[in-house]
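Novice: Sharing a structure here in structure tokens format.
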Amino acid sequence: MADALMGDRFLVTGANGCIGAWVIKLLTAAGADVVAFDIGTDEHRHRLINAGELPAVTWVRGDLTIRDDVVAAAEGVTHIIHLAALQIPFCRADPSHGAAVNVVGTANVFEAALHHGVSQIAHASSIAVYGRASDYAERILPYDAPRLPTTLYGVYKVACEDLATVYWHESGVRSVGLRPHTVFGPGRDQGMTSLPSVGIEHAATHRPFHIDFGGALDFQYAPDVAAAFIHAARLVVDGAPTYNLGGHRVTVAEFVEAIADVTGFDQITTGVDPLPVVEGADASPWFEHAGGAAPTPLRTAIQASAQVFAAAN
Ligand SMILES: NC(=O)c1ccc[n+]([C@@H]2O[C@H](COP(=O)([O-])OP(=O)(O)OC[C@H]3O[C@@H](n4cnc5c(N)ncnc54)[C@H](O)[C@@H]3O)[C@@H](O)[C@H]2O)c1
């Protein structure tokens with residue numbers, strides 16, 4: 001992919017987050033110019049995945065809730081990958097601020113796109129637009145299963161998906177939304193479903209760790225998710241579709257077994273109770289119609305992750 005994106009300029013919001021750091025690593029490796037937009041200055045994920053270095057990008061410290069910050073950052077860009085958001089606990093703790101960042105912030109991204117005539121946009125939705133596993137008859141939801149969010153975070157993601165559709169109908173702004181499930185790999189260090197990644201890190205450095213839940217999840221390797229966002233931002237679509245992302249639907253116990261296989265360390269343990277989330281949702285439209293790439297094999301992904309963690313410790 002070297003130089004495949006030469007001449008393109010990407011605005012990445014939430015640049016210092018897990019997915020943002022991987023998106024930037026892949027974009028810069030492909031020769032793209034990157035404007036890395038984030039409210040924070042925490043560089044640790046970039047350093048972790050780039051052998052201690054920082055990528056060569058234009059760093060912009062800005063607040064998504066301030067329209068002018070986003071419009072200024074989007075000057076001269078050809079593509080936008082919008083990842084910045086507050087996660088479930090932060091939205092729960094401060095719903096007004098959660099709505100401001102996740103919903104108003106997304107409106108500001110679309111306003112900035114409209115202002116500069118950018119129509120290659122990928123934005124992050126989430127599996128959280130769906131309800132609890134018990135809300136559905138199927139274990140793996142069909143693509144058109146109803147959205148039944150049970151958290152404010154999920155409600156805000158529904159609003160963002162629908163907001164994107166309105167920008168298409170009213171203003172002709174194209175976009176593609178993606179719904180990750182459980183992202184894992186280096187840099188995934190925040191939130192409940194980050195524990196399997198923390199487990200890889202502990203195994204790589206031979207320290208016991210307990211993941212206090214069980215059940216099955218759809219595990220998606222952070223570099224694969226990043227590549228999917230880049231692919232989504234480059235698609236030329238008439239509309240504003242949203243796709244479920246697919247990875248490896250395995251139990252947490254199977255994930256931990258794979259960790260033990262590749263690291264030789266078998267002191268990572270799991271709980272029994274599943275999280276109250278759906279196990280997965282049909283991602284075939286993403287792979288079959290939108291050209292999404294097949295996921296990296298699970299053990300290969302865990303091995304590569306363990307190597308990054310081991311090198312950093
Ligand atoms: N990680 C997952 O498993 C997962 C699953 C489903 C959906 N998603 C979605 O994917 C996107 C990226 O996820 P992630 O794991 O990289 O998130 P993350 O929490 O690691 O990073 C989010 C980034 O957004 C930044 N941010 C927060 N408020 C901001 C503001 N007001 N202005 C500018 N920047 C701000 C933060 O500083 C942070 O660097 C998010 O929209 C998230 O909801 C992630």
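Novice: Against the condition free of Cβ contacts under 8 Å to residues at least 24 places away in the same chain and not charged (D, E, K, R), how does His115 come out, does it pass? Lay out the reasoning, then the answer.
Specialist: Values: free of Cβ contacts under 8 Å to residues at least 24 places away in the same chain: no; not charged (D, E, K, R): yes.
Against the criterion (free of Cβ contacts under 8 Å to residues at least 24 places away in the same chain and not charged (D, E, K, R)), His115 does not qualify.
Novice: Since Phe209 meets every condition but one in (1) modelled with pLDDT of 95 or more; (2) under 24 Å from Leu178 (Cβ atoms); (3) not β-branched (Val, Ile, Thr), which condition does it not meet?
Specialist: Unmet for Phe209, out of (1) modelled with pLDDT of 95 or more; (2) under 24 Å from Leu178 (Cβ atoms); (3) not β-branched (Val, Ile, Thr): (2).
Novice: Going by the conditions given, is Phe309 among the aromatic types (Phe, Trp, Tyr) and out of contact with any strand residue (DSSP E or B) (no Cβ under 9 Å at 6 or more places or on another chain)?
Specialist: Values: among the aromatic types (Phe, Trp, Tyr): yes; out of contact with any strand residue (DSSP E or B) (no Cβ under 9 Å at 6 or more places or on another chain): yes.
Yes: the conditions hold for Phe309.
Novice: In region 57-76, what count of residues is obtained for those that are of a type in the set (Val, Ile, Thr), within 20 Å of Ser119 (Cα to Cα) and more than 9 Å from the ligand (Cβ to nearest atom)? Don't jump to the end; show me each part of the working.
Specialist: Keep residues of region 57-76 that are of a type in the set (Val, Ile, Thr), which gives 57-58, 60, 65-66, 70-71.
Now restrict to residues that are within 20 Å of Ser119 (Cα to Cα): 70-71.
Pick out the ones that are also more than 9 Å from the ligand (Cβ to nearest atom) and you get 71.
Residues meeting the conditions: 1.
Novice: Give the residue that is nearest to the chain's Cα centre (by Cα), with candidates limited to residues of region 225-243 that are more than 11 Å from His123 (Cα to Cα) and surrounded by fewer than 24 Cβ atoms within 10 Å (Cβ to Cβ).
Specialist: Per the stated criteria, the residue is Ala227.
Novice: I'd like to verify a number: residues in region 136-175 that are aliphatic (A, V, I, L, M) and within 22 Å of Gly98 (Cα to Cα), how many? Give the steps one after another, and end with the answer.
Specialist: The initial filter retains those residues of region 136-175 that are aliphatic (A, V, I, L, M), namely 137, 140-141, 145, 148, 152, 155, 158-159, 163-164, 166, 173.
The next check asks that each one be within 22 Å of Gly98 (Cα to Cα); those that pass are 148, 152, 155, 158-159, 163-164, 166.
Residues flagged as aliphatic (A, V, I, L, M) and within 22 Å of Gly98 (Cα to Cα) within region 136-175 amount to 8.
Novice: Now for a separate question. Scan Ala124, Ala113 and give me the residue that is of a type in the set (Gly, Ala, Ser) and either within 11 Å of the ligand (Cβ to nearest atom) or more than 22 Å from Val23 (Cα to Cα) (or both).
Specialist: Numbers: Ala113 fails: either within 11 Å of the ligand (Cβ to nearest atom) or more than 22 Å from Val23 (Cα to Cα) (or both).
Going through Ala124, Ala113 in turn, just one is of a type in the set (Gly, Ala, Ser) and either within 11 Å of the ligand (Cβ to nearest atom) or more than 22 Å from Val23 (Cα to Cα) (or both): Ala124.
Novice: Quick check on my filter: what residues within region 1-56 are near the ligand (Cβ under 9 Å from one of its atoms), hydrophobic (A, V, I, L, M, F, W, C) and in contact (Cβ under 8 Å) with a residue 60 or more places away in the chain?
Specialist: If the condition is that a residue be near the ligand (Cβ under 9 Å from one of its atoms), hydrophobic (A, V, I, L, M, F, W, C) and in contact (Cβ under 8 Å) with a residue 60 or more places away in the chain, then Ala15, Cys18, Ile19, Ala21, Trp22, Val23 are the ones that fit.
Novice: Can I ask one more? Determine which single condition Val250 fails, assuming it passes every other condition in (1) surrounded by fewer than 20 Cβ atoms within 10 Å (Cβ to Cβ); (2) under 18 Å from the mean Cα position of the chain (by Cα); (3) among the hydrophobic types (A, V, I, L, M, F, W, C).
Specialist: Every listed condition holds for Val250 apart from (2).
Rundown of residues vs (1) surrounded by fewer than 17 Cβ atoms within 10 Å (Cβ to Cβ); (2) in contact with a strand residue (DSSP E or B) (Cβ under 6 Å, 6 or more places away or on another chain); (3) at pLDDT 95 or above, yes/no style:
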{"site": "Pro55", "(1), (2), (3)": "no, no, yes"}
{"site": "Thr58", "(1), (2), (3)": "yes, yes, yes"}
{"site": "Arg61", "(1), (2), (3)": "yes, no, yes"}
{"site": "Ile66", "(1), (2), (3)": "yes, no, yes"}
{"site": "Ala73", "(1), (2), (3)": "no, yes, yes"}
{"site": "Val77", "(1), (2), (3)": "no, yes, yes"}
{"site": "Leu83", "(1), (2), (3)": "no, yes, yes"}
{"site": "Pro89", "(1), (2), (3)": "yes, no, no"}
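Novice: Now for a different question. Could you give every pair whose Cβ atoms fall below 9 Å, whose first residue belongs to region 127-149 and is without any contact (Cβ under 8 Å) to a residue 24 or more places away in the chain and exposed (fewer than 13 other Cβ atoms within 10 Å of the Cβ), and whose second residue is in a helix (DSSP H, G or I) and not polar (S, T, N, Q), counting only separations of at least 6 or pairs across chains?
Specialist: Going by the 9 Å Cβ cut-off, the qualifying pairs are Pro146/Asp135.
Novice: Now for a separate question. So in region 259-298, with the set limited to residues that are surrounded by 18 or more Cβ atoms within 10 Å (Cβ to Cβ), more than 26 Å from Asn244 (Cα to Cα) and not hydrophobic (A, V, I, L, M, F, W, C), which one is farthest from the chain's Cα centre (by Cα)?
Specialist: Thr263
Novice: Any residue in region 194-212 that is closer than 17 Å to Gln307 by Cβ sitting within a Cβ distance under 6 Å of a residue that is among the small types (Gly, Ala, Ser) and part of a helix (DSSP H, G or I)? List the pairs, counting only those 6 or more apart or interchain.
Specialist: Between residues of region 194-212 that are closer than 17 Å to Gln307 by Cβ and residues that are among the small types (Gly, Ala, Ser) and part of a helix (DSSP H, G or I), the close pairs are Ile200/Ser305; Ile200/Ala306; Ala204/Ala306; Ala204/Ala310.
Novice: Then there is this: Could you run through region 290-313 and say how many residues are in contact with a helix residue (DSSP H, G or I) (Cβ under 6 Å, 6 or more places away or on another chain) and not hydrophobic (A, V, I, L, M, F, W, C)?
Specialist: Total satisfying the criteria: 6.
The values are calculated or read from the model by the stated rules, or taken from the named source; none is laboratory data. For clarity, every value in this text was computed on a predicted model and none was experimentally measured. So basically every Cβ, Gly included, is an ideal-geometry build from the backbone, and we count neighbours across all protein chains shown.
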